[in-house]
Amino acid sequence: MSASYVSKRQVVIGLEVHLQLNTTTKLFCSCPTDYIGKTPNSNVCPICLAVPGTLPLLNDGAVALGARMGLGLHCKIQNYSNFHRKNYFYADLAKAYQITQYELPIATGGYMDLEVGGAAKRVRVHHLHLEEDAGKLVHPTTDGRLTGAMYSLVDYNRGGVPLSEVVSEPDMSSPAEAREYVMRLRQLARYLDISDGEMESGSLRVDANISLSNADGSLGTRVEIKNMNSFKSLEQALEYETVRQNKALDSGGRIVQETRLWDNAEGVTRSMRNKETASDYRYYPEMDLAPIVITDEEIEDFKRGMPELPWEKRDRFARDFGLSKEEIAIITEQRELAQYYEDTVASGAPPARAANWVRMEVLRMLNERGGTISDFKVKPGVLADIVKKIEDGELSSTVGKDILELLVAEDMSLDDAIKRSGASGRRLTGDALDGIISGVLEANPDVADVIRSGQDRKGGKLKFLQGLVMKETRGQADPKEASEVLSRRLGL
Ligand SMILES: [Zn+2]
């Protein structure tokens, strides 16, 4: 399946994104929410197991997180919202109904602005509602595939964990737009401390509705896709479905309204069941819970408590630090990394050079070694010192990188790391330095000739030789002295 497939018909995608809210306890009881890795069915109580006679009690923390996310999505926060029971039978649902918001959700009518392939795009958000999660079915198969299990097990540890579901309008017109929308939604949730937004662990789950519009512009039959566990599989599943639906229509077939599951191993979607309509679920008002009332004063409090949002931070970084769009996108992707960068600049590192180091070196080391920027051993003040020393010509970039590696690998001060790297010895002077420079010139006679004949007007060739000299000396020479000797030898 190639991402370059051009659909003959307009692709129409709407997404339902479930975010697991970062509360310490479940939505209607005091069971903890950190169920991952626990013994199955140990993280439960009579309320989340729906033992008759128990009553749910709403977690105010989840309401606050839902309201914050709604504000981040430019929604109107409702003064009055309530819960319904969504009735359906499935083994992972102990009550045989899910408590969810239906007619009156907590937040309505927002949007998320995206940039996809250089073009601006606004995706409208229909609403955000709160609901409880279901348990988990475990299908023991030997090869990890969806089909072929002889029996299923059920684990209720996750049952009752609070979710916010963000329902978009069908405004996305390509799989790439859908992917970008979910990435920006995850970023917002993380900036607001609402959710970890990990697709792999299931704290962010996406159900996609996709249809191809008819020749007269009316919406075609929509198909719901589930079971996409990464951004890549989300995009692949939507690409696959675009091709499948086009081919079916081309050959005179029709699209069945249904739910299909993405099979990541095979790279296909498979029919799961015909889609229930809302009336099949039989929604009833949840009479055991009082309505959620949020006063205007409380909404104002939520607004005042909002941190700087991703797009606000991007604008400010462009204004204050003069970085490129690409640099800003990488540095502000995580709030903690953006803060690390800002602290490095505040400690005196020049913004452009600091951006390079954070992007190229710090992120590379985090990727290689794992861990997060919050527990990265080189603190912003120390990185700023290294960057300043490079800027002042006291250290070469190569030695700077060695020093960073040393600081991450071992507990030592910056001074000790500089000594260990050999950069402070500056042993290479006079004849020893001359010898290295001779070697570089001999190895690059053509480049030297161009410079000597005055044709290196922009100085790029000289910089190239300077770089080679610094590399050969491993930073054990003073960059200024090395540069002077090199210029003299080239007759400059
Ligand atoms: Zn419980």
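The test for being away from the ligand (no atom under 14 Å from the Cβ), buried (at least 18 other Cβ atoms within 10 Å of the Cβ), within 25 Å of the chain's Cα centre (by Cα) and more than 21 Å from Glu297 (Cβ to Cβ) does not hold for Val63.
Could you check the range 323-353 and list, in sequence order, the residues that are more than 28 Å from Ile194 (Cβ to Cβ) and out of contact with any Asp or Glu (no Cβ under 9 Å at 6 or more places or on another chain)? Within the range 323-353, just Ser324 meets the criteria. Cβ separations smaller than 8 Å between residues 6+ apart or across chains give the following pairs from the range 38-50 residues that are in the same structural domain as Ile99 (by TED's automatic domain parsing) and farther than 12 Å from Gly135 by Cβ to residues that are of a type in the set (A, V, I, L, M) and more than 7 Å from the ligand (Cβ to nearest atom): Ile47/Leu55; Ile47/Leu57. Any idea which of Val6, Val51 is modelled with pLDDT under 95, of a type in the set (A, V, I, L, M, F, W, C) and within 16 Å of the ligand (Cβ to nearest atom)? When all the criteria are applied, what remains is Val51.
Do we find that Asp456 is closer than 23 Å to Ser421 by Cα and not basic (Lys, Arg) in this structure? In short, no. Condition check: closer than 22 Å to Tyr80 by Cβ and part of a loop (DSSP other than H, G, I, E, B). Does Leu104 satisfy that? Yes; evaluated as a whole, the condition is true for this residue.
The values are calculated or read from the model by the stated rules, or taken from the named source; none is laboratory data. What you see is a predicted model, and the numbers here were worked out from it, not measured in a lab. No Cβ is skipped: glycine too gets one built from the backbone with ideal geometry, and neighbour counts run over all protein chains shown.
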